[in-house]
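What follows is a single structure, written as structure tokens, with notes after it.
The values are calculated or read from the model by the stated rules, or taken from the named source; none is laboratory data. These numbers were taken from a predicted model, which means no experiment stands behind them. Note that each Cβ is placed from the backbone with ideal geometry, even for glycine, and that neighbours are counted across all protein chains shown. Accessible surface areas use protein heavy atoms only, side chains included; no ligands, DNA or RNA. Shrake-Rupley method; radii C 1.70, N 1.55, O 1.52, S 1.80 Å.
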Amino acid sequence: GSTMKRRAGEREKELKKKKLLEELGENRLPYLTPSDADFHQLWKTKYSKLSFRKSDTVPEELHQMVQESFLTLREHSCFFQDLVRIKGKDFLTPVSRILIGDPGCTYKYLNTRLFTVPWPTEGYDIKYCSPQIHDACKALMRLNDYLHIEAVRALQGQNLFETKEIKDTTVIDREQSFATSPTEQGSVSNDQSSVCVAEDDRSLKNRTSYNLTLLNYMDPLQMLYLKQEPYFGMGNMAVSWHHDENLVERSTVAVYSYSCEDSSIQESNEQELKGRDPAVWHVGLKVAWDIETPGLAVPLHQGDIYLMLDDLNMTHQHCVLAGLSPRFSSTHRVADSSRGTLEYILGQCELALQNLQTDSDSRALSLKSLEAAVVKQVEEIHNEVEFEWLRQFWFQGKRYLKCTDWWLKPMAKLEECWRKLEIMTSLVLSEVRKEQQIEEQRNETISCFLLLLKERQKLRKEWTAR
């Protein structure tokens with residue numbers, strides 16, 4: 001309920017903002033780049049929870065492993081455009097993606113559920129299609145561990161700044177290079193131990209323990225059309241303005257950027273340009289629903305990292321502005337796994353099937369209870385299994401088989417559960433037709449049962465049309 005209200009409020013604000021921008025006409029809102037005099041001051045005051053790491057602060061060995069993994073996955077055709085659903089219509093994303101992470105984890109955005117290609121995890125039997133794909137997934141797991149440590153340090157630095165009002169903390173002060181070095185951060189981390197209580201440490205760990213990474217790839221020169229950034233006139237967008245969805249509240253998002261910069265693509269002289277250099281990839285940021293604060297366009301070069309700390313993803317929106325060279329990124333997230341893991345949905349199936357019993361003599365199947373609450377719960381799980389898992393998995397084709405067959409066994413198990421749930425639906429229909437049911441209970445059961453059946457029918461038509 002609260003999420004629906006928040007989204008409705010956001011939509012209303014967005015409509016007001018669009019109306020105002022139409023009135024502005026060609027007078028775009030201002031935005032700043034590092035060449036602007038007020039850039040660092042604006043970053044400190046309005047964008048302080050954006051933390052940046054230049055590539056030379058990252059171990060060279062890690063750069064090499066990660067960049068090789070990107071190229072390996074591209075060579076094996078493991079990047080796919082997603083068919084996403086916006087306002088009832090399907091669109092192919094301009095960016096191609098693959099999800100890598102904890103076994104059995106999923107990530108949902110724009111009504112599309114992605115299933116992780118599992119990275120090598122102790123205790124799991126994961127067979128990859130080639131040793132190269134195994135090595136690529138292992139490298140991204142290494143990057144995940146590194147970014148977790150960096151995010152904890154950055155948040156600890158943020159806490160120090162807020163609690164002690166230290167003006168020169170490395171995470172906030174970007175006057176020199178808007179970057180920090182691991183050694184400088186280490187000192188912040190050590191100091192922080194004296195002011196952090198155990199609960200804070202647990203909270204920091206929970207908000208930075210990335211369970212997956214969404215990898216992106218795009219070659220702008222292969223795109224026939226890229227949408228123009230509408231508010232500030234920042235140029236071509238690879239990804240439009242958005243908040244990242246389906247994340248643990250106030251969790252940090254960490255992004256490793258690798259643009260395949262070619263010597264033939266020269267950077268323009270920034271002083272001769274107004275605004276950002278169109279040859280270079282940038283991340284754009286703006287304060288959500290704010291038409292007064294200037295936006296930021298921060299350049300992203302080969303191997304740069306940025307972190308969106310704490311609630312930045314909620315209070316601000318970000319977009320990705322296309323340069324000229326092909327670019328990969330690895331976007332590490334703490335996905336909300338309360339309803340998005342294999343363990344969760346198998347648990348739901350087990351719960352639903354508790355209402356199914358088999359006669360020891362005749363082997364005939366029957367329902368233990370016809371109470372409205374029980375029937376409602378079972379049929380809701382039925383819909384969840386079919387529309388949130390099985391159809392989502394098979395809808396985008398057998399793309400995951402290019403990397404691993406890990407999901408095939410779990411999906412076969414879910415299909416078997418679904419067949420039993422179909423039988424349970426038939427049994428409810430048979431039972432409510434019988435006259436010996438108490439009328440009041442029977443009507444209550446029929447009422448909630450029909451609502452869920454209608455929902456199922458509507459969703460099946462939608463998926464068939466897709």
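Assorted remarks:
- Enumerated strands (runs of 3 or more DSSP E) restricted to region 70-130, each holding at least 2 residues that are among the small types (Gly, Ala, Ser): 89-101
- Candidates LYS44, LYS49: the one that is within 30 Å of ASN159 (Cα to Cα), in the same structural domain as PRO120 (by the TED database) and surrounded by fewer than 20 Cβ atoms within 10 Å (Cβ to Cβ) is LYS44.
- Region 76-100: number of residues that are touching a residue at least 24 places away in the same chain (Cβ under 8 Å) and at negative phi: 17
- Residue tally, condition under 20 Å from the mean Cα position of the chain (by Cα) and part of a strand (DSSP E or B), over region 289-339: 18
- Checking each residue in region 120-158 for being of a type in the set (Phe, Trp, Tyr) and either out of contact with any His (no Cβ under 9 Å at 6 or more places or on another chain) or not assigned by the TED database to the domain that holds VAL66 (or both) picks out TYR124, TYR146.
- Complete set of residues in region 20-43 that are at pLDDT 80 or above and charged (D, E, K, R): ASP36, ASP38
- From the list LEU427, LEU414, the lone residue that is open to solvent by less than 40 Å² (accessible area, probe 1.4 Å), touching a residue at least 24 places away in the same chain (Cβ under 8 Å) and closer than 30 Å to LYS138 by Cα is LEU414.
- None of ASP361, ASP336, ASP405 is under 30 Å from SER69 (Cβ atoms) and open to solvent by 70 Å² or more (accessible area, probe 1.4 Å) except ASP405.
- Condition met for SER330 (touching a strand residue (DSSP E or B) at 6+ places or on another chain (Cβ under 7 Å) and over 19 Å from LEU50 (Cβ atoms)): no
- Search result, residues across region 432-459 that are touching a residue at least 12 places away in the same chain (Cβ under 8 Å), open to solvent by 50 Å² or more (accessible area, probe 1.4 Å) and within 26 Å of GLY347 (Cβ to Cβ): GLU455
- Region 289-307, subset acidic (Asp, Glu) and at pLDDT below 95, residue least open to solvent (accessible area, probe 1.4 Å): ASP290
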